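Remarks on the structure that follows.
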Amino acid sequence: MKPLAITLGDPAGIGPEVAAKTICALAGAKPPVPWLLIGTRWALDLGAEAAGVVLPEIPAVSRPGELDAGFGLYDVEVAKPADFRLGKIDATCGRIAVRSVEWAARACLAGEVAAMVTCPLHKEAIHAAGYVDDIGHQEILSRLSGSTTTATMLMTPGLRVAHLSTHKSLIKAAQYVTFDNVFEKLQLVHKTLGEWGIPDPRIAVAALNPHGGEGGMLGREELDELVPAVAAAVAAGITASGPIPADSVFNRAINGEFDVVLALYHDQGHIAIKVHNFHASTTATLGIGFVRTSVDHGTAFDIAGSGQANPQGLQAAIATAEQIIAGKLS
């Protein structure tokens, strides 16, 4: 059985702590799919210390094929910085986080692992490490996979939200709302969810402007870009609706009318998910050729090392990856 690759994220953040808590929450049982942790041993040990838990034996693994059950650790072998401090931006920690993601992604692309699950990295830390073109996980994974069309989808019980764009300023995000971009993302969401166990997903497209633009009085993006894109998607056999005003579309999805909402910019979708159920929310990346899920929170430098980090997000991300692998996304 191929393992799940689980990256520990930035060692100065809460990733190693939530990983340690998640492992120990199994209470000695083996996970149904082997878990291959990617990061550094010293960071995981610090995470366990912060969590106040005693980890089971986790052997070192040099190749995914060496692990057929239980837990293993692939160590990226970067030494702990002499001035390391939890909650502090550090270039070495950024390097560890990116190297871990790169290793896991390459293992996915090679078919050596079933999927990857990621703990959070810190954008300033990875930039300090020299990865100036990588804003976050999605950009790293796009670079490695060669994918030109990707999307971020957030999920929490009762609500899924795919995003037209994420890491853009609000002005640039609005400019990104074009017929071609919307139609392309609708095709990607339709195809991916079908592969993941939701055939013919019902996709709602959120409006960009208040009240859906009020017939052009509050903006013409709905009339000029969104309505034609939805019509083209429907003509292509996609079950798409909209644009629907953003102040109602998420509630309608929660009530079961839609399987997923296409949000048009970062906060439009993220706020809806995190207000609905922050701790159980997860992220998935669409369009990269393999399965990647993630916690939907950051490195939380303000509480790193305090033992307060909630592991529910990582537990949900792992469970979601296992569902997708089985073709039974719920």
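The values are calculated or read from the model by the stated rules, or taken from the named source; none is laboratory data. Treat the numbers as computed from the prediction; the structure is a model and nothing was measured. Don't worry about glycine lacking a Cβ; one is built from the backbone with ideal geometry, like all the others, and counts go over all protein chains shown.
Structure values in brief
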read-out: Test result for Ser241, under 25 Å from Ser281 (Cβ atoms), free of Cβ contacts under 8 Å to residues at least 24 places away in the same chain, hydroxyl-bearing (Ser, Thr, Tyr) and not in a loop (DSSP other than H, G, I, E, B); value: no
read-out: Qualifying residue in the range 73-87 (condition: among the β-branched types (Val, Ile, Thr) and either loosely packed, with under 15 Cβ neighbours inside 10 Å or over 22 Å from the mean Cα position of the chain (by Cα) (or both)); value: yes
read-out: Any hit, the range 66-74, residues being in a helix (DSSP H, G or I) and not aromatic (Phe, Trp, Tyr); value: yes
read-out: Residues of the range 293-317 satisfying the condition of being touching a strand residue (DSSP E or B) at 6+ places or on another chain (Cβ under 6 Å) and either under 23 Å from Gly194 (Cβ atoms) or in a loop (DSSP other than H, G, I, E, B) (or both); value: Thr293, Ser294, Asp296, Ala316, Ala317
read-out: Selection within the range 41-55 - surrounded by fewer than 24 Cβ atoms within 10 Å (Cβ to Cβ) and either within 19 Å of Arg106 (Cβ to Cβ) or of a type outside the set (Val, Ile, Thr) (or both); value: Arg41, Trp42, Leu44, Asp45, Leu46, Ala48, Glu49, Ala50, Gly52, Leu55
read-out: The range 194-238 - residue that is modelled with pLDDT of 95 or more, out of contact with any helix residue (DSSP H, G or I) (no Cβ under 8 Å at 6 or more places or on another chain) and among the hydrophobic types (A, V, I, L, M, F, W, C) and, of those, surrounded by the most Cβ atoms within 10 Å (Cβ to Cβ); value: Val227
read-out: Test set (1) farther than 17 Å from Val261 by Cα; (2) in a loop (DSSP other than H, G, I, E, B) - Ser165 fails condition number; value: (1)
